[in-house]
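Participant: The structure is given below, and queries will be raised subsequently.
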Amino acid sequence: MSSSQQTSPVAVVTGGARGIGLAIGQWFLAHGHKVVLLDNDQATLDSTEKTLHRPDDVLCLHADVSQPDQVQAAADQVLERFGRVDALVNNAGVAVFKPALETTFQEWRHVLSTNLDGAFLCSQAFGAIMARQRSGAIVNIASISGLRASTLRVAYGTSKAALIHLTKQHAAELGNYGVRVNVICPGPVETEMAKLVHSVAIRSDYYDTIPLGRYGSTEEMANTVGFLCSSQASFINGQYLAVDGGFDASGVGLPTLRRNTPELNDVGQSGSHA
Ligand SMILES: NC(=O)c1ccc[n+]([C@@H]2O[C@H](COP(=O)([O-])OP(=O)(O)OC[C@H]3O[C@@H](n4cnc5c(N)ncnc54)[C@H](O)[C@@H]3O)[C@@H](O)[C@H]2O)c1
């Protein structure tokens, strides 16, 4: 470990080989961090490592977040290489969209073990390092599916709702060591995961239902995570932030009611100044 490495903050991003996780890793790189990308997809991790081409600043680790021994081994390697951890982003996740009565126990366990056990294990292994430092920030990546129930998401939605509560549990305890823990709930974002589970009809429904009328970008997620890990957010702990174009706020956002939104030309023409 060189002295320049000691002074750079270090961010660990799980599921960092692609998608939202990779964008978060790139945000940290652009903001002067050493970055650890941890993923269980060796091939994608290898190609990402090649594309980034920052061997001094990026450590790619092949590990499955649902396996305690692999997570602990990864934490040991990060400590060995960089000597500290300033941010952990629990982003690794999988989605299975199936009716509740048809979801197998194996599918349930696959989703819960990745999305929930993974965050528990990583927060414990990397959180212990931050607690010893008396500083650091953890951001979990949940989903609007953890805020609102919907059909086909018995495992995914439950895992994300539990992750939101896990965030508060960790905030309550790790806050005592100066470690902040928050969670973001993305709306739909164009990634490989979205390609897998969002049909054409689902996409069009999202456009109809989200007040901003579009999908979010991976960069918009990364900007929010970066802010929550930064000193700008130094008194924010145990909070969830929906990054969803207004989906969660719109409650009874029925498409019929939305279609009744007045054209901009008509706004304010009724004579009311209220
Ligand atoms: N894309 C969306 O619309 C959306 C919306 C809300 C929330 N999210 C959440 O954002 C996060 C990232 O999603 P994405 O869309 O970038 O998905 P993605 O499938 O493109 O990327 C997920 C990454 O996690 C890795 N991963 C999966 N299981 C793992 C494990 N056990 N151990 C280590 N790595 C593992 C995958 O290999 C992959 O690189 C997920 O937690 C997802 O639930 C995504």
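Participant: Met193: net charge of surrounding residues, Cβ under 14 Å, Lys/Arg +1, Asp/Glu -1, itself excluded?
Facilitator: +1
Participant: What aspartates and glutamates does Lys50 reach when the alpha-carbon gap must be under 18 Å and sequence neighbours fewer than 8 apart in one chain are set aside?
Facilitator: Counting by Cα, and skipping residues close in sequence, Lys50 has these aspartates and glutamates nearby: Asp39, Asp41.
Participant: Compute the acute angle (0 to 90°) between the alpha-carbon long axis of helix 218-229 and the principal axis of greatest extent of the alpha-carbon atoms of the chain; round to the nearest 10°.
Facilitator: Between helix and principal axis, roughly 60 degrees.
Participant: Taking the number of other C-beta atoms within 10 Å as the exposure measure, put Phe120, Phe235, Phe28 in order starting with the fewest. Walk me through the numbers before you get to the answer.
Facilitator: On the way: Phe120 21, Phe235 6, Phe28 28.
Fewest-to-most Cβ neighbours within 10 Å comes out as Phe235, Phe120, Phe28.
Participant: Among the aspartates and glutamates, which have Cα under 17 Å from the Cα of Lys34 when same-chain residues fewer than 8 positions away are ignored?
Facilitator: Here the aspartates and glutamates satisfying the reach criterion relative to Lys34 are Glu49, Asp56, Asp57, Asp76, Glu80, Asp86.
Participant: Moving on to the next point. I need the phi-derived Karplus couplings for region 241-249: 6.51 cos²θ - 1.76 cosθ + 1.60, θ = phi - 60°, integer Hz, Gly and Pro marked x.
Facilitator: Using θ = phi - 60°, the values come out as 10, 7, 10, 9, x, x, 4, 5, 6 Hz.
Participant: Helix 200-209 versus the longest principal axis of the chain: what angle, 0 to 90°, nearest 10, using Cα atoms?
Facilitator: With both axes taken from Cα atoms, the answer is about 70 degrees.
Participant: Please enumerate, by chain and number, the lysines with C-alpha under 17 Å from the C-alpha of Lys160, excluding those fewer than 8 residues away in the same chain.
Facilitator: Correct list for Lys160: Lys98, Lys168.
Participant: Something else: To two decimal places, what compactness ratio does the chain give when its Cα radius of gyration is scaled by 2.2 N^0.38 Å?
Facilitator: This ratio for the chain stands at 1.07.
Participant: Shifting gears a bit: Expressed as a rounded percentage, what relative contact order does the chain have, with Cα pairs under 8 Å and six or more residues apart? Write out the running numbers ahead of the final one.
Facilitator: Working: 502 pairs, mean separation 47.5, N = 274.
Result for the chain is 17 percent.
Participant: Return the FRET efficiency for the residue pair Ser47, Leu264: r is the Cβ-Cβ distance, R0 is 51 Å, and the value is rounded to the nearest 0.05.
Facilitator: 0.65
Participant: Provide the gained length on full extension for the span Gln239 to Ala128, in nm with one decimal, where the gain is 0.36 nm per separating residue minus the Cα-Cα distance.
Facilitator: Working: separation 111, 0.36 × 111 = 39.96 nm, distance 2.07 nm.
Gain on extension, Gln239 to Ala128, equals 37.9 nm.
Participant: Continuing with the same structure: Angle between the Cα long axis of helix 19-30 and the longest principal axis of the chain, 0 to 90 degrees, nearest 10?
Facilitator: 60
FYI, it's all coordinate maths here, none of it is from the lab. On a predicted model such as this, the values are computed, not experimentally measured, just so you know. Because the Cβ atoms are built from the backbone with ideal geometry, glycine has one as well, and the counts that use them run over all protein chains shown.
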